[in-house]
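What follows is one structure encoded as structure tokens, with my remarks underneath.
Where a number appears in this text, it was derived from the coordinates with a stated rule and is not lab data. Fair warning: this is a prediction, and the values are worked out from it, not measured in the lab. Positions of Cβ are generated from backbone atoms using ideal geometry, with glycine treated the same way; all protein chains shown enter the neighbour counts.
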């Protein structure tokens with residue numbers, strides 16, 4: 001704490017240091033150490049909430065019995081606290097806020113705070129709890145950070161603000177004299193970027209994407225907003241310039257490509273929050289590639305699952321030990337057409353692993369066994385796969401570049 005309480009500032013003029021100023025309240029906003037001090041305080045606040053949850057003073061929310069409970073989420077200087085709608089939880093949270101206020105000196109701005117209840121909470125209890133905190137009730141809480149926090153029935157209405165933002169941008173350009181090249185730059189750098197953030201989390205309605213593409217096409221062929229003949233279809237304009245197009249995005253495919261990145265994140269980071277929350281309900285086996293849509297899925301999971309086919313089409317296994325790869329069921333053959341063996345499945349060997357085809361003493365392929373079980377087309381590919389003598393683990397890779405990552409561009413080429 002000495003670095004925070006003994007801080008002083010000086011002025012530099014033409015490379016010369018002048019004077020010294022000692023602030024009465026230590027570090028001020030804008031100081032290079034201020035963000036770190038804020039993180040220290042926020043970490044203590046998070047610890048208070050976690051301790052209260054561990055001893056049963058508050059109870060967070062979870063999507064199913066096996067899923068972890070979430071008592072709070074932090075983003076920058078925003079805090080979302082989840083608890084049961086009861087006077088006991090209200091009292092415990094207010095005690096935590098008062099403890100944090102006395103320790104850090106930070107006051108809660110109740111004018112910028114709000115409280116939201118589930119639909120089955122009684123109106124009298126809502127009013128009572130809101131009065132205890134002294135904050136207003138926000139029954140909708142529709143948007144946060146540009147994304148909907150509660151999914152409505154009409155998804156087109158839910159994301160209507162994206163279309164409105166696109167229309168506002170384009171309508172502001174109608175009065176400007178823009179060349180064809182200028183319109184191309186504006187569409188690619190500004191308009192196509194507007195829905196990108198929402199596309200990375202949700203599957204936008206096809207009707208909404210068609211409206212956005214219609215606005216883009218109208219602006220492309222007529223910068224003043226009038227209706228003119230579209231001499232080339234929009235799908236042709238979305239082709240690469242190498243194939244006679246302009247290179248505009250196909251929004252539907254780009255949306256799926258962005259959701260593929262979420263699937264890749266869930267697959268490669270099993271300990272991240274979204275993986276731990278979704279795993280118990282939608283893929284309890286631990287492998288997201290074996291997940292199903294499930295009964296009455298959330299809008300978030302329904303959106304992510306919509307990209308599963310593209311995701312599976314672009315992934316295959318890189319053979320390490322072979323202990324986790326099934327010979328007939330998993331994609332693991334490095335060839336462009338089909339990553340699975342074309343040899344018909346042998347029923348009593350359905351659970352055969354790739355490790356069973358490897359001589360464990362020499363770490364070489366058992367060529368006799370491979371030749372006896374698989375057709376020559378599969379045999380030649382398998383025997384050409386190099387094996388590591390270092391005992392590496394099997395790794396799921398993105399098949400186009402064989403890099404352990406997933407990009408939107410590569411997903412669009414599937």
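Okay, here's what the table says:
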quantity	calculated
Separation between Cα centres of the range 51-74 and the range 162-230, rounded to whole Å	43
Folded to 0 to 90 degrees: helix 87-104 orientation relative to the chain principal axis, Cα	80
Burial order of peptide ranges 282-291, 381-390 (average beta-carbon count within 10 Å, highest first)	282-291, 381-390
Fully extended contour minus Cα-Cα distance, from residue 127 to residue 385, at 0.36 nm per residue	86.2 nm
Gyration tensor (alpha-carbon) shape descriptor, the range 315-398, a/c threshold 1.5	rounded
Residues residue 75 and residue 33, FRET efficiency given R0 of 30 Å [Cβ-Cβ distance, rounded to 0.05]	0.90
Calculated FRET efficiency for the pair residue 324/residue 181, C-beta based, R₀ 41 Å, to 0.05	0.20
Extension gain from residue 200 to residue 108, taking 0.36 nm per residue of separation minus the Cα-Cα distance	29.9 nm
Sites residue 231 and residue 312 - FRET efficiency at Förster radius 56 Å, r taken between beta-carbons, to 0.05	0.90
Relative packing of peptides 205-211, 273-279 - highest average C-beta neighbours within 10 Å first	273-279, 205-211
Rg/Rh for the range 125-248, where both radii come from Cα atoms and Rh is the Kirkwood radius	1.14
Paramagnetic label zone (point 7 Å from Cα along Cα-to-C-beta, residue 9; backbone N under 16 Å) in the range 29-64	29-35
Angle in degrees between helix 160-173 and the longest Cα principal axis of the chain, rounded to the nearest 10	80
Label corresponding to volume of the Cα convex hull per residue in Å³ when calculated from the structure given, among (i) 154; (ii) 280; (iii) 135	(ii)
Three-way shape call for the range 245-355 based on the alpha-carbon gyration tensor, with the a/c threshold at 1.5	oblate
Residue 295 versus residue 138: modelled label distance in nm, points set 7 Å from Cα along the beta carbon direction	3.4
Added length on full extension, which subtracts the Cα-Cα distance from 0.36 nm per residue, residue 240 to residue 359	38.1 nm
Cα Rg over Rh - the range 24-160, Kirkwood	0.99
Relative contact order of the chain, defined on C-alpha pairs under 8 angstrom at six or more residues apart (%)	10
